[in-house]
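**Student:** Input: one structure, supplied below.
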Amino acid sequence: MRLFLCAILLSCGGSNAAAQIESYASLERIWEAELSPDGVHLATGCSPRGEREICIYNLANNGQPVVLAPPRGGRIIDFFWPSPTHLIYRAVSTQRLSSNEGRQGLAIYQPLSYSLETQNTVPLMAQARIASVLSNEDNKIAMMLTYDLAARNQSGSRLRVRNDFGTVVYAVDLDSGQTTNRIETSSGSTVSFVMNSAGEKLLDIRYDEDTGSYKIFTAGRGTQREIFHDVFPASRPRIQGLTVGETAIAIRFPRIGLRRMDISTGQLSMFEEDGIDTEFMSTILDTYAGTIVGFRYTDDLPRQIFTDPELAGLHNELKQVLTEDSVTLSAWTPDRMKMVVIGQNAGQPAHYYLLDLNTGGLGLLDTVMALPEGQEAGQKEALTFTTSDGLDIPGYLTLPPGQTREDGPFPLIAMPHGGPQSRDTAEFDWWASYYASLGYAVFQPNFRGSQGYGTEFLEAGYGGFGTRMIEDIIEGAHYLQDEGIAREGGYCAAGASYGGYAVMMMSIKDQDRLACAISFAGVVDPFSMLARSQDDADTIRYWEQYMGSRFTSSDYQEEISPSDRMNEMRAPMLILHGDDDTTVPFDHFRQLQSGMANQDTARFIRMEGEDHYLGSPEARMTLLRESEAFLAEHLPVH
């Protein structure tokens, strides 16, 4: 098969923004791409009007795209083609509900169906997830809804109730959005079914939130057999997909990683893929068949290993043709004649390509972000340092464009990630890259507790939410200063969500060196997050793993709570928060603003109508403009 580069096939964006800050604050020009099963249409995540939208192209005529906007007050998350004639996309919006604690924000997830033939969009079942594409029925899908049973079974204690679940699956018409018939139903503790692409139920998954009991049953009506039972007190296993032939599932277990489970016996085994360790990889699914065709992981950049011979061959050949370090297949048609390919280098905006084997063409679709004309992103490199207790901490350093370590020392900004069970990679980061473009070295540490480095490293962060994890970040900044990469004396810190919390704690723990702190949507009262999650056992377990039990001593709770230590945050602070945030409620901002009203070291900015995710150009522009001025005052480049 012969591949060759051809002229640009499509372009979703306009000319480069004249101002540097506008370029970095703009939304991604392309953030996802999916091909219709017949290969006639291409849908891309785009932002031609300054919000996350979907552009649908007819590849046969190269005409202007149809642009799908999010519903009013909503944000598009993702999309896929269940058939050649319909595109399903999901949007999330905020609904305000009254409770004993006042008005609370609730995130509502709404699937929608767009018809190419009628050009109409209809809402599907809210909060439901796709169970099957129903490949044997036209213009229908199976949608699964899991809910807490209204009548909870008493456990025998006046202080404790057992949360049971019900799960129901409906066939849903993609043109009308109406349910047409009930495919499956259950009561008790069923949290999910495993179904194939034809809508046949293969497995029944049951879970008890109180005890952590997790059971898997075969699907036969009246003859169900239990094939697996274990107890998972912290978090439950997650189904990752069906194997080809539908004889087994991939299931990710807490602590031990990915395993293959035989559907008929429940027997567990490792995936044997030419000696490759897939234990902590994720699966790659064929969208239409719903079966596993490979595995993916991230070292510094995304990587893929295909078990499907045809996809493996195409992937290997594309890696020889494209010059980027990371080459991944993002989407493909069932006949494998067209596919979307992503290529990226460390610290650089990714490129999306369209491969058409009918013509032998490989054309550029678009670039995630267009840098200002004549400019380039700064060099991003991996680094590792050793903490005072002997743990090796990985991370990434972005230097100013055109600069190397030898051009230092540089003014330093430490940028801890959110989560905290997340991680940074060598992929392009608009926020960090903008700071680098101003002349700063930007340090993004994957402190203990970050994912992607194995169970032992992840669990090393348990209980370290406001202690050892924060110290990792501080020690990393000091390491860069000791190495002569960062300037001696003061440095600044910036972060969002847990990262915003971390920079507040750094201002308490590193008073001698932290020159300033920038926090977006930072957690101010960690234990209030547990109180908000009192009806969600999984969420409580997640938070308690990192910060400790909500029943710990008041002294410990005060130690890791910025809300109790505001008078110790002496470094100048820039605090920003969206008032439509349902992840870290806006009350955290109000609490900090009220408690620091008599301090002149903090500047507070309320971002009206913004949520937790910096998903609008206006939000990003506010963050970058305000922080640029703030940094110029407290950590000037020269």
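The values are calculated or read from the model by the stated rules, or taken from the named source; none is laboratory data. This is a predicted model, so every value here is computed, not measured. All Cβ positions, even for glycine, are placed from backbone atoms using ideal geometry, and neighbour counts span all protein chains on display.
**Student:** Against the definition (under 22 Å from Ser519 (Cα atoms) and buried (at least 22 other Cβ atoms within 10 Å of the Cβ)), how does Ala426 come out, yes or no?
**Tutor:** Answer is no for this residue.
**Student:** Next question, about the same structure. Within region 429-447, restricting attention to residues that are part of a loop (DSSP other than H, G, I, E, B) and within 19 Å of the chain's Cα centre (by Cα), which residue is surrounded by the most Cβ atoms within 10 Å (Cβ to Cβ)? Even if it seems obvious, please write down each step before you answer.
**Tutor:** First pass over region 429-447, keeping only residues part of a loop (DSSP other than H, G, I, E, B): 429, 438-440, 446-447.
Imposing the further condition that a residue be within 19 Å of the chain's Cα centre (by Cα) reduces the set to 429, 446-447.
Values: Asp429: 21, Asn446: 24, Phe447: 28.
Ranking the qualifying residues of region 429-447, first place goes to Phe447.
**Student:** When you scan region 476-570 for helices (runs of 4 or more DSSP H) that lie fully inside it, which ones turn up with 1 or more residues that are touching a residue at least 40 places away in the same chain (Cβ under 8 Å), in contact with a Pro (Cβ under 7 Å, 6 or more places away or on another chain) and surrounded by fewer than 22 Cβ atoms within 10 Å (Cβ to Cβ)?
**Tutor:** Per the criteria, 537-547.
Residue-wise test of (1) over 23 Å from the mean Cα position of the chain (by Cα); (2) not polar (S, T, N, Q).
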site	(1), (2)
Gly484	yes, yes
Gly499	no, yes
Met505	yes, yes
Pro526	no, yes
Ala531	yes, yes
Arg565	yes, yes
Pro572	yes, yes
Thr582	no, no
Phe589	yes, yes
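Results for (1) in contact with a Pro (Cβ under 7 Å, 6 or more places away or on another chain); (2) of a type in the set (Asp, Glu); (3) without any contact (Cβ under 8 Å) to a residue 24 or more places away in the chain; (4) over 24 Å from Arg625 (Cα atoms), shown as yes or no for each residue.
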| position | (1), (2), (3), (4) |
| --- | --- |
| Gly363 | no, no, no, yes |
| Asp366 | no, yes, no, yes |
| Glu381 | no, yes, no, yes |
| Leu412 | no, no, no, no |
| Ser433 | no, no, no, no |
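**Student:** Does Glu568 meet the test of being in contact with a helix residue (DSSP H, G or I) (Cβ under 8 Å, 6 or more places away or on another chain) and within 27 Å of Glu459 (Cβ to Cβ)?
**Tutor:** no
**Student:** Please state which one of Ala289, Ala234, Ala312, Ala250 is part of a strand (DSSP E or B) and of a type outside the set (D, E, K, R).
**Tutor:** Selected residue: Ala250, the only one of Ala289, Ala234, Ala312, Ala250 that is part of a strand (DSSP E or B) and of a type outside the set (D, E, K, R).
**Student:** Of the residues Tyr147, Tyr170, which is at pLDDT 95 or above, over 30 Å from Asn58 (Cα atoms) and assigned to a strand (DSSP E or B)?
**Tutor:** Within the list Tyr147, Tyr170, the selection yields Tyr170.
**Student:** Quick one: which residue in Met270, Met281, Met261 is farther than 22 Å from Trp332 by Cβ, surrounded by 18 or more Cβ atoms within 10 Å (Cβ to Cβ) and of a type outside the set (Gly, Ala, Ser)?
**Tutor:** Of the residues listed, the single one that is farther than 22 Å from Trp332 by Cβ, surrounded by 18 or more Cβ atoms within 10 Å (Cβ to Cβ) and of a type outside the set (Gly, Ala, Ser) is Met261.
**Student:** So, in region 360-385, of the ones that are more than 30 Å from Ile485 (Cβ to Cβ) and in a strand (DSSP E or B), which residue ends up farthest from the chain's Cα centre (by Cα)?
**Tutor:** Only one residue fits best here, namely Gly361.
**Student:** Give the residue, chosen from Leu458, Leu391, Leu399, that is among the hydrophobic types (A, V, I, L, M, F, W, C), at pLDDT below 95 and either surrounded by 17 or more Cβ atoms within 10 Å (Cβ to Cβ) or out of contact with any strand residue (DSSP E or B) (no Cβ under 6 Å at 6 or more places or on another chain) (or both).
**Tutor:** Result of the check over Leu458, Leu391, Leu399: Leu458.
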